[in-house]
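Each value in this text was obtained by applying a stated rule to the coordinates, not by laboratory testing. These numbers were taken from a predicted model, which means no experiment stands behind them. So basically every Cβ, Gly included, is an ideal-geometry build from the backbone, and we count neighbours across all protein chains shown.
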Amino acid sequence: MSLSNKINDLLKMASKFLFFLITIILFLISGCSTSTVVDEQKSSNANLNLESEEKIVVMGRRHGNSYETEPNFINCISNNIAGIGKLNVIKEQHFLDKFYPWFEPRVAPLSLKNMKNTLNKPIVIKQVQDLRIRYMVWVDGSTETTKESGSMTCGMAPSGGCFGFKSWDKTSSYEATIWDLKHLIEKGKVKVDSKGSSYLIGIGPPIPLIAQVQGVACEGISDRLRGFFSNK
Amino acid sequence: MDHVIVMIKRILLAASIYVCALTAGCSTHVVVMSEHPSILIKPLPYKIGLVLNNSFTNYSFTREKDDEKIIISLGDSQTELFKKIFDSMFLEATRFQSKLLAKTGSLDLFVIASVDELQLSLPKETSVNVFEIWIKYKLEIFDQDGSLITEWLVSSYGRTQTRFLKSQERALNQATKAALRDAGAQIIVGLKTVPAIRDWVDKK
């Protein structure tokens, strides 16, 4: 075989390897992306009024047995609304402590009718007025791992690295409901569904390619919630 | 020769540290320390006596299963919680270490609190990746004459709020705090709805 033939073979092999590598990378990048659907429902087209000292509280539902809305997800929404939206937001844990025990998971009102009963207690309504809480946003939902496959072994190879491939799918589904505590009516709902796949490639040090499913859901729901309010 | 002795000493030291680490790894001791929030409630116009005896104030739960020992000491934390609850719920709450033998005198009610049962479940025992704690409290409530009005069982539940695994100590601590918080909420909201207590309040 002549030298030029050998070079041609090598070039062909290199191009095949490059094509394979690009395909793998494209597959992983497309897999890591998340798809998100956000729906909203408003009681009217007008923005919700929020006087300069009035506050919003974002709360997670935790009454169910099978799941509970993650506190870090609630913090994410609160921070996004407060930071980018420039709205007065009271932290969930601070609110829970200030109103203990009336909004604990087992006691918290699940409907506006029950909320009315809670606010009928003079000591509770006084606290609401003192803290100037105007809107309560209840967020219900969770992020679940829906599918897992592959395996990885670490520390067994002579190099001490990892070997294997692992993938998992995550699905976030949340619904936020806005209650106006001044007029005791529901002002709107935002629903977000988000899903994505993550990968962990073990060829020596493990390479994580993580889809930010919950983060994307948080951004989606926060954007829409910000759109509900006009800050005077 | 000295070099060999030093080497043997080092190996023995490493081995003993390894054995100690393995032994300690099979035992978890959680001392629950928690600050309980102030209670938002209008006090009932009664004076009560609250009995928190030594078995309550020093309460510690121990479970030994599959060569793993778990100890949860929550006596201090639950004592603080019960003091706070009853101080807020009633006009006046006087604490005792044991039940008075004679009539309760100026007290309208007499409450004896005890832990009836504590259960826990670890992620490796269930399909869900959370730590869970159940605490069952027994409240024996007596009237001014020392007659038993009711025996009220309060079952509370707490779990870790995150599914990411923390250290077992931190996770059990968090789940126990949640269970204590739940117990407090149930006692504050539920006491007036216990039929025997409702009847007693109506007669007063």
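Quick notes
- GNM on chain A, alpha-carbon springs under 10 angstrom: the most fluctuating residue among A:I56, A:I221, A:I185 is A:I185.
- Between the beta carbons of B:Y46 and A:K91, assuming R0 = 41 Å, the FRET efficiency works out to 0.70 to the nearest 0.05.
- Taking the helices alone, chain A has a mean residue ellipticity at 222 nm of -11500 deg cm²/dmol, built from -39,500 (n - 2.57) per DSSP H run of at least 4 residues and averaged over all its residues.
- Sparsely packed loop sites in the range B:120-204 (the chymotrypsin sites (Phe, Trp or Tyr not before Pro) outside DSSP H, G, I, E and B with at most 14 other Cβ atoms within 10 Å) comprise B:F164.
- Estimated FRET transfer efficiency when R0 is 30 angstrom, pair B:V189-B:R63 (beta carbons, to 0.05): 0.50
- Counting only DSSP beta bridges with both residues in the range B:27-203, the antiparallel share comes to about 65 percent.
- Rel. contact order, % - alpha carbon contacts under 8 angstrom, at least six apart, chain A: 27
- Förster radius 41 Å - calculated FRET efficiency between A:N120 and A:Q212 (Cβ-Cβ, nearest 0.05): 0.45
- The protein assembly as shown - Kirkwood radius from inverse mean 1/r over Cα pairs (Å): 26.3
- A straight Cα-to-Cα reach below 20 Å connects A:K189 with the lysines A:K42, A:K55, A:K113, A:K116, residues fewer than 8 places away in its own chain not being considered.
- Interchain or long-range residues, amide H under 5 Å from B:Y46's placed H: B:L91, B:E92
- The distance linking the range B:183-204 with the range A:172-223 is 41 Å (Cα centroid to Cα centroid, whole angstrom).
- Neighbour net charge for A:V192 - beta-carbon separation under 12 angstrom, K R +1, D E -1: -3
- If you run the Gaussian network model on chain A, springs between alpha carbon atoms under 10 Å, then out of A:Y135, A:Y174, A:Y67 the most flexible one is A:Y67.
- Charge tally in the Cβ shell below 9 Å around B:S114, where Lys, Arg are +1 and Asp, Glu are -1, B:S114 excluded: -1
- Top of A:S111, A:S194, A:S172 by mean-square fluctuation, Gaussian network on chain A, Cα under 10 Å: A:S111
- For A:I133, residues with placed amide H under 5 Å, excluding near neighbours: A:K55
- With Cα atoms defining each centre, the range A:126-140 and the range B:55-75 are spaced 40 Å apart in the structure.
- Within the protein assembly as shown, antiparallel bridges make up roughly 75 percent of the DSSP beta bridges whose residues both belong there.
- The GluC sites (Glu not before Pro) of the range A:93-186 include none that DSSP puts in a loop with a beta carbon having at most 15 other beta carbons within 10 Å.
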